[in-house]
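A short worksheet on the structure shown next.
What follows is calculated from the coordinates using simple rules that are stated; it is not laboratory data. Since the model is a prediction, treat every value here as computed from it, not as a measurement. Every residue, glycine as well, gets a Cβ built from its backbone with ideal geometry; the counts of neighbours run over all protein chains shown.
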Amino acid sequence: MNPDHLVNRIAADLYRIPGLKAEFQSDPASVLSRYPLTEAQRDGLIEGSFPALAAAGMHPLLQMIYSVARHPEVNAQISAQSYIDELMAERR
Amino acid sequence: MGQIVGGFATAHIMMSRGSAGEKGERVFAGMKDIGSRIRKLAPDVVVIISSDHFYNYDLSFQAPFAIATDAQHQPFGDMSLPTDIIPGACDFASGFVGFAADHDADLVRLQDYRPDHGVTLPALIIDPDRRTPIVPFIINTAMDPAPRLARAWRYGQLLAEYVQTVRPADERVVVVGTGGLSHWLGVAEMGRVNSAFDHAVIDAIIAGDGQKLTSWTSDYVLEHGGNGGLEILNWVMMSATLPGQRGEVIYYEEIPEWVTGMGGIAVVPGEQSEEAAA
């Protein structure tokens, strides 16, 4: 498998394989150890910054969903919960 | 014959309230205005043209144009969006797959598609009560190379022709292109907004001249609008369903805090551009 494709596969797997994202958030190194990554790729995915993910070969848009899985605190920054609540309040 | 009674375009994200100050509030008000306008049009079907953000697609198998044909859609629930069922329009969507094939346009049928924010947020704005059938049409803006804008225009033409020649008399269809405008994601320029690019897109479409955007290459869009700016494919396809029709800006804000040029427009049937009227 193309090494970049493997990195992208991991990002997709986190949202496809039931329970994997939660397991990853609890122990990212354990989950990543199941993939034949290079050491540099593994380090980049553990760090999880956009430059590190790019260097590991991850597609820019997959970086977005991977970073949310790796750093759940990002969710608070991007959550539109207040707006959504207002829209939901308009339900009849 | 059916009729496309309205075309709209809107951004399909928002972020935390307060993080963009009054700009964010104006965007939200604009989105709600679009929802209200669509409800007043009393559509039988709303086609939402959007992108998939890798919640359904991956890079193993790439489909440039696809349509969700399920009778019901189960949202993915990203960005804290509600996951209750969105009604679909199986007959409408399946019929368009066949119509496109008959016109040498390949259109992938999506089954068990789970709408992400690109469809779910607009759907919530359009109809919080989940009564209006929604047809997600997905343009793959993440593939490399991305589909050309001229191809999005062609699918928009076909959608209009399908509604006008195949669909039942009096069926009212609204088309909504979502996403954009300029934004750079996961790259060094993330946070940049190019309002000149954004206004060029908006101005062309509301002047009834969206087709001129098809002269832009994907490389041009990537340079001036960013990888997220490729979502103007969704706007251009919408524009092609109402060619020559003038529109109006509902909202536009540069919001670096949300890493996006946020725009919303309405295209009003019956108000022709000067060129189309000539």
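For the reader, a short list of remarks on this structure follows.
- Rel. contact order, % - alpha carbon contacts under 8 angstrom, at least six apart, chain B: 30
- Rg [Å, one decimal], Dmax [Å, integer] - chain B, C-alpha atoms: 16.9, 51
- Candidate aspartates and glutamates - alpha carbon under 17 Å from B:LYS32, same-chain residues fewer than 8 apart omitted: A:ASP85, A:GLU86, A:GLU90, B:GLU22, B:ASP127, B:ASP129, B:GLU248, B:GLU253
- Between 0 and 90 degrees, the angle of helix A:3-16 with respect to the longest Cα principal axis of chain A falls at about 40 degrees.
- When DSSP beta bridges are restricted to pairs lying wholly in the protein assembly as shown, around 45% turn out antiparallel.
- Taking a sphere under 10 Å around the Cβ of B:LEU233 and counting the other residues whose Cβ falls inside, with K and R at +1 and D and E at -1, yields a net charge of +1.
- The stretch B:116-259: C-alpha gyration tensor shape, a/c 1.5 cut-off, then a/b vs b/c: prolate
- Here the relative contact order of the stretch B:130-278, from alpha carbon pairs under 8 Å that lie six or more residues apart, stands at 31 percent.
- Restricting the calculation to alpha carbons of chain A gives Rg and Dmax of 15.3, 54 angstrom.
- Three-way shape label, the stretch B:18-133, alpha-carbon gyration tensor, a/c 1.5: prolate
- DSSP-assigned coil residues among trypsin sites (Lys or Arg not before Pro) in the stretch A:1-53, each with at most 15 further Cβ atoms within 10 Å: A:ARG34
- Label point at B:ASP106 placed 7 Å out along Cα→Cβ; residues across the stretch B:37-68 whose backbone nitrogen lies under 12 Å: B:62-66
- Note on the protein assembly as shown: with charges restricted to the Cβ of Lys and Arg (+1) and Asp and Glu (-1), its dipole about the Cα centre is near 460 debye.
- For B:ALA196, neighbours were defined as the other residues whose beta-carbon sits under 13 Å from its Cβ, and their charges (Lys and Arg +1, Asp and Glu -1) total -3.
- Remark: the Cα gyration tensor places the stretch B:8-65 in the oblate category, a/c being 1.5 or greater and a/b not exceeding b/c.
- Of B:PRO136, B:PRO64, B:PRO128, the one that fluctuates the most in a GNM where chain B has Cα springs shorter than 10 Å: B:PRO128
- Take every Cα pair under 8 Å whose residues are at least 6 apart in sequence, average their separation, divide by the length of the stretch B:8-167, and the relative contact order is 33 percent.
- Checking every one of the trypsin sites (Lys or Arg not before Pro) in the stretch B:90-165 against DSSP loop status and a limit of 10 other Cβ atoms within 10 Å picks out B:ARG131.
- Simple point charges give the picture: +1 on the Cβ of Lys and Arg, -1 on the Cβ of Asp and Glu, and for the stretch B:139-245 a dipole about the Cα centre of about 200 debye.
- Within-10-Å neighbourhood charge of B:GLY180 [Cβ basis; K, R +1; D, E -1]: -2
- The chymotrypsin sites (Phe, Trp or Tyr not before Pro) of the stretch B:20-113 that DSSP puts in a loop, and whose beta carbon has at most 15 other beta carbons within 10 Å, are B:PHE61.
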